[in-house]
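The values are calculated or read from the model by the stated rules, or taken from the named source; none is laboratory data. These numbers come from a predicted model, not from an experiment. Here the Cβ is made from the backbone with ideal geometry for all residues, glycine too, and neighbour counts use every protein chain on show.
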Amino acid sequence: EAGVVQSPRYKIIEKKQPVAFWCNPISGHNTLYWYLQNLGQGPELLIRYENEEAVDDSQLPKDRFSAERLKGVDSTLKIQPAELGDSAVYLCASSSGGSSSYNEQFFGPGTRLTVL
Amino acid sequence: AQSVTQLGSHVSVSEGALVLLRCNYSSSVPPYLFWYVQYPNQGLQLLLKYTSAATLVKGINGFEAEFKKSETSFHLTKPSAHMSDAAEYFCAVSDQRGGGNKLTFGTGTQLKVEL
């Protein structure tokens with residue numbers, strides 16, 4: 001079974017440019033997460049989707065970040081415009097089921113963004 | 001609010017020695033607790049989890065952790081370190097009511113294994 005797929009794996013852009021990351025979750029997983037991992041830190045949740053609905057986006061900086069999961073499967077995270085401080089690894093994860101019982105999150109390899 | 005504290009951002013052990021990575025949690029509700037491992041340029045992989053069943057939890061690659069409510073700890077151990085254990089380890093906590101959906105991670109501990 002394929003795991004969580006993310007692309008690109010690496011991205012280098014200049015500040016003020018837009019950038020987008022793509023994630024394809026494990027087949028059948030209805031919950032999708034985007035995390036931000038700064039160097040030397042643990043991941044921090046940016047947004048969580050249940051199917052196509054964003055159920056927790058309280059940590060997403062909405063002035064420059066946006067995300068979508070139009071058909072409840074794959075998802076795109078966008079930054080526009082990018083700032084130097086956005087350099088980090090962006091992780092996508094997915095899990096099955098709802099919130100009534102424990103559901104393991106499976107992580108993708110991440111996209112490493114460097115903003116120059 | 002929930003949080004975890006990982007004591008020691010870097011731990012170095014000799015091959016064959018005991019591995020002990022410390023994690024203390026703070027939670028006002030019964031928690032789920034997790035240990036994840038991250039190899040360079042890879043995503044996180046679940047090592048083991050505590051979800052309110054047995055307090056001594058066994059995971060993959062010979063790791064285990066014990067949930068101690070009185071000490072609010074969930075330390076990760078392995079009796080004998082192997083070179084392949086060198087990686088970054090993250091402790092995480094989640095609210096049981098949310099089914100483990102909202103993970104709060106610690107800052108990580110980089111494990112180095114020396115010959």
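Please go through the stretch A:1-25 and give me each residue that is at pLDDT 95 or above and over 13 Å from the mean Cα position of the chain (by Cα), ordered by number.
Across the stretch A:1-25, the qualifying residues are A:Tyr10, A:Lys11, A:Ile12, A:Ile13, A:Glu14, A:Lys15, A:Lys16, A:Gln17, A:Pro18.
To keep it simple, each residue is scored yes or no on (1) closer than 26 Å to B:Ala1 by Cα; (2) of a type in the set (Ser, Thr, Tyr).
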position	(1), (2)
B:Val19	no, no
B:Leu46	yes, no
B:Ala53	yes, no
B:Lys69	yes, no
B:Thr72	yes, yes
B:Asp95	yes, no
B:Thr107	yes, yes
B:Leu111	no, no
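Residue under question is A:Thr76, and the condition is that it be crowded, with 22+ Cβ neighbours inside 10 Å and among the β-branched types (Val, Ile, Thr); does it hold?
When the stated conditions are applied, A:Thr76 does not pass them.
Out of all the residues in the stretch A:66-79, is one or more touching a residue at least 24 places away in the same chain (Cβ under 8 Å) and of a type in the set (Lys, Arg)? Walk me through it before giving the result.
Going residue by residue through the stretch A:66-79, those that are touching a residue at least 24 places away in the same chain (Cβ under 8 Å) are A:67, A:69, A:72-79.
Pick out the ones that are also of a type in the set (Lys, Arg) and you get A:69, A:78.
Yes, the conditions are met somewhere in the stretch A:66-79.
Is it the case, given these coordinates, that A:Pro109 is in contact with a Leu (Cβ under 7 Å, 6 or more places away or on another chain), under 28 Å from B:Leu7 (Cα atoms), at the interface with chain B (Cβ under 7 Å from one of its Cβ atoms) and surrounded by 14 or more Cβ atoms within 10 Å (Cβ to Cβ)?
no
For the stretch B:25-84, give me each residue that is of a type in the set (A, V, I, L, M), buried (at least 17 other Cβ atoms within 10 Å of the Cβ) and more than 14 Å from the chain's Cα centre (by Cα).
B:Ala81, the sole residue that qualifies.
Can you name the strands (runs of 3 or more DSSP E) wholly within the stretch A:5-61 that have at least 3 residues being without any contact (Cβ under 8 Å) to a residue 12 or more places away in the chain?
On the way: elements: A:5-7, A:10-13, A:19-24, A:31-37, A:44-50, A:53-56.
Fully inside the stretch A:5-61 and qualifying: A:53-56.
Can you work out which of the residues in the stretch B:1-24 that are part of a strand (DSSP E or B), within 13 Å of another protein chain (Cβ to nearest Cβ) and over 11 Å from the mean Cα position of the chain (by Cα) is modelled with the lowest pLDDT?
Among them, the one singled out is B:Ser3.
Condition first: free of Cβ contacts under 8 Å to residues at least 40 places away in the same chain and of a type outside the set (Gly, Ala, Ser). Can you find one or more residues in the stretch B:69-80 that meet it?
yes
Is there any pair linking a residue in the stretch B:16-43 that is closer than 21 Å to A:Gln37 by Cβ to one that is of a type in the set (Gly, Ala, Ser) and surrounded by 22 or more Cβ atoms within 10 Å (Cβ to Cβ), with Cβ under 7 Å and at least six apart or on different chains, and which?
Hits for this filter: B:Cys23/B:Gly106; B:Tyr32/B:Ser94; B:Tyr32/B:Gly100; B:Phe34/B:Ala92; B:Trp35/B:Ala65; B:Tyr36/B:Ala92; B:Gly43/A:Gly108; B:Gly43/A:Gly110.
Of all residues in the stretch B:34-80, how many are out of contact with any helix residue (DSSP H, G or I) (no Cβ under 6 Å at 6 or more places or on another chain) and more than 14 Å from every other protein chain (Cβ to nearest Cβ)?
23
Looking only at residues that are among the hydroxyl-bearing types (Ser, Thr, Tyr) and surrounded by fewer than 14 Cβ atoms within 10 Å (Cβ to Cβ) in the stretch A:8-55, which one is farthest from A:Leu84 (Cα to Cα)?
Of the stretch A:8-55, the ones among the hydroxyl-bearing types (Ser, Thr, Tyr) are A:10, A:27, A:31, A:33, A:35, A:49.
Among the residues that remain, those that are also surrounded by fewer than 14 Cβ atoms within 10 Å (Cβ to Cβ) are: A:10, A:27.
Details: A:Tyr10: 16, A:Ser27: 34 Å.
It comes out as A:Ser27.
Out of (1) farther than 30 Å from A:Thr31 by Cβ; (2) in contact with a strand residue (DSSP E or B) (Cβ under 9 Å, 6 or more places away or on another chain), what's the single condition that is false for B:Asp95?
Of the numbered conditions (1) farther than 30 Å from A:Thr31 by Cβ; (2) in contact with a strand residue (DSSP E or B) (Cβ under 9 Å, 6 or more places away or on another chain), the odd one out for B:Asp95 is (1).
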